[in-house]
Amino acid sequence: MVTESKRKEKGQRKKSLGQTLAGLAIGIILWPVFLPYLFIHDPVIDVKSTIVILVAIVVSGAFALIIHEFGHAVAGTFSGMKFMNMSIGPIVIIRSGGRSRIIFQKPALGYLGRAMLRFPAETPSEQMESGLKRYVAGGPAANVVAAAVAIALVYTILPSGILLTFAIVNLLLGAANLIPTDSRGMMTDGKHLSMLSGKTPGKELVLISYRLMQEDAEGADWRPGTVAEAEEMIRLQPDHPLTPALYASLSPYYIPENPSEAVVLGRRIAFRERDQKIDPLQDMADIAMVHVLYAAGKLTSEPEIRLKLVQIGDAEKVTRLFRDAYLAYLDDQPEKLRNCLEDLELVLGQWHSLYLEGRYEKGRISALRQFLNNTQHQ
């Protein structure tokens, strides 16, 4: 009988082999792109030209990222989705409350770029599925189109090593994003397309996540049927990489009336053994479980709760600060708890690229502040 660890090890080997083969395929594609240029123009390779190309790679990478995220946004808009926000490094463009603004924040979950769009309430499921495929494919497609245009110009009217570098970087970003893989809570566009097309498990998880966002992107005002479907997905696919994120998204629904239900639902999701040291989605599920344990009055009686909190990593700042806040609560350190809550309010601000208005998170901060106030008056 194959043990769980051996099964995971076998899956990792298969995943690594697939990534290696995909990388070789990309390399084979790139050779015909730049080799003819070397033979036609015989460029001089010296210190100056090397520096120019290195700078061109960096600048091209930044532009390729912008092209990629705008590709997602344009494809999503044409698919009937509504723009919410777009992150390009620390720059976040927001559309909320009928107006647009720009803020500066550390990239969420390690993404250098991210475009968030959602479907209007009236969008049927079939249209949502096809629209999601176009939205996800829009980023890599934009890079490939930009690369094709640049290559055509290089070999016709505008021979330029810098422009060729721009083409190669776009081609690399677009092609690499189509490799169906995930790491440290981040999934490529290829992995999302693979799930949406049914080639790998997870299609239902993706669709229910967008349905929750469709019904209420800023809170937990979801239809009971949608909640029941999300609960079923969590029970059926507890080991899927996306399930921790779904549980974290769903958990606010149960507070303040039924936090104990969320505790039961999260038992197979939260605090489980980790396959990788950095796992921000698992961190989010763990802290979601801590929130509902606290709301249910069961946090201090949870077995080995301090050890469970300590294993939550530093990859996402809001999660880390909540971890430290609950540790301060358990250790009876009111000053440290107060400092953590103040830092959380600063990080969330009026708007956050991952937590949006952060209503739920700010509610958890208020609950802990209430504990501090009650302690001071005793």
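The values are calculated or read from the model by the stated rules, or taken from the named source; none is laboratory data. Computed from a prediction, not measured in an experiment: that's the story for all the values here. Glycine gets a Cβ as well: all are built from the backbone with ideal geometry, and neighbour counts include every protein chain shown.
The test for being crowded, with 23+ Cβ neighbours inside 10 Å and in contact (Cβ under 8 Å) with a residue 12 or more places away in the chain holds for residue 312.
For the range 277-305, the set of residues classified as within 21 Å of residue 361 (Cβ to Cβ) and part of a loop (DSSP other than H, G, I, E, B) consists of 279, 296, 297, 298, 299, 302, listed by residue number. Kindly provide the set of residues from the range 97-135 that are exposed (fewer than 12 other Cβ atoms within 10 Å of the Cβ), outside any helix (DSSP H, G or I) and out of contact with any strand residue (DSSP E or B) (no Cβ under 9 Å at 6 or more places or on another chain), ordered by number. Within the range 97-135, 97, 98, 99, 121, 122, 124 qualify. Take the residues in the range 210-240 that are surrounded by fewer than 18 Cβ atoms within 10 Å (Cβ to Cβ) and within 24 Å of residue 182 (Cβ to Cβ), then tell me which one is nearest to the chain's Cα centre (by Cα). The selected residue is 217.
Taken over the range 233-276, the criterion of being in a helix (DSSP H, G or I), farther than 24 Å from residue 359 by Cα and of a type in the set (A, V, I, L, M, F, W, C) is satisfied by 233, 236.
Taken over the range 249-292, the residue count meeting the criterion of being of a type in the set (S, T, N, Q), surrounded by fewer than 24 Cβ atoms within 10 Å (Cβ to Cβ) and over 15 Å from residue 239 (Cα atoms) is 3.
Here residue 196 clears all of (1) buried (at least 17 other Cβ atoms within 10 Å of the Cβ); (2) at pLDDT 95 or above; (3) farther than 18 Å from residue 281 by Cβ except the condition numbered (2).
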